[in-house]
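The values are calculated or read from the model by the stated rules, or taken from the named source; none is laboratory data. Worth saying up front: this structure is predicted, and the values here are computed from it rather than measured. Here the Cβ positions follow ideal geometry from the backbone for every residue, glycine too, while neighbour counts run over all protein chains shown. Areas reflect the complete protein model, heavy atoms only, side chains present, ligands, DNA and RNA absent. Shrake-Rupley method; radii C 1.70, N 1.55, O 1.52, S 1.80 Å.
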Amino acid sequence: MVFFTPSTLTFLRALERNNRREWFRERRDQYERDVRAPMVALVERLAGEFERFAPDLVASPQVSIFRIYRDTRFSPDKTPYKTSIAAYFPHARLPKNEGAGLYVEVAPRHVWIGGGMYMPSTTQLQLVREHLAAHHRRLRRIAASTAFRRTVGSLEGEQLVRVPRGFPKDHPAADLLRYRQFLAGREEVAAFAHSPAFYRTLVQTFRAVAPLVSFMNEPLVAARESGALGHD
């Protein structure tokens, strides 16, 4: 099953070289046909897959697909467009930018498939760490599962040098508590996007990472539904 084509990568690489509004406006139809439409079809297909292994995650073109436009207000890089097409699948009971989710990105030189928690707020990270401290054996079982190890290798993400304040240095989950991000994924060459193996690998990877995403979201959903989780 193929969604993206060589034309997808051709367009993204050309956009990387010609990241200007005039150039993009003249080729908007090509972007819609070769880049965005395949991602829409992919997201719609994944909605059915998620019913079987990630029913709490949202797969909707309106929610999941990132806009092509960059936010340049606070960036020294004023190029107006992203040079990749990506989709994020958040928890249905959390705001899109809160919690853990699954993610796929097709870029000029790579494909990334995986998920986790990328930029938790201070409050969210504290809730996850408290959850992890109490249930670290579950997280270790997830990361040690055959599917997880074969598909994405190991848990990754930025880490503190020391165990965070509020937790004993000799806590049995000390190594896990130091994480500031909780990520798991795989990177492939760009041409993998139009390989016949792409969709099968995508679903296989999402299945392997979904238990990690679910684990991370548990304390956040509970806190939000109880009214204890606000915004930083």
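Quick notes
- Filter result for residue 133 (of a type in the set (A, V, I, L, M), open to solvent by less than 30 Å² (accessible area, probe 1.4 Å) and either assigned to a strand (DSSP E or B) or modelled with pLDDT under 95 (or both)): no
- The residues listed here are 24, 50; of these, the one that is in contact with a strand residue (DSSP E or B) (Cβ under 7 Å, 6 or more places away or on another chain), more than 30 Å from residue 98 (Cβ to Cβ) and part of a helix (DSSP H, G or I) is 24.
- Complete set of residues in the range 140-186 that are loosely packed, with under 14 Cβ neighbours inside 10 Å and assigned to a helix (DSSP H, G or I): 141, 144, 146, 149, 150, 175
- Selected residue (criterion: nearest to residue 97 (Cα to Cα)) from residues of the range 151-165 that are touching a residue at least 12 places away in the same chain (Cβ under 8 Å) and out of contact with any strand residue (DSSP E or B) (no Cβ under 9 Å at 6 or more places or on another chain): 164
- Residue count for the range 55-70, restricted to those that are closer than 22 Å to residue 15 by Cβ, open to solvent by 30 Å² or more (accessible area, probe 1.4 Å) and assigned to a loop (DSSP other than H, G, I, E, B): 3.
- Considering residues of the range 71-112 that are acidic (Asp, Glu) and open to solvent by 40 Å² or more (accessible area, probe 1.4 Å) only, the residue farthest from the chain's Cα centre (by Cα): 77
- Within the range 3-51, the only residue that satisfies the criterion of being open to solvent by 80 Å² or more (accessible area, probe 1.4 Å) and not charged (D, E, K, R) is 10.
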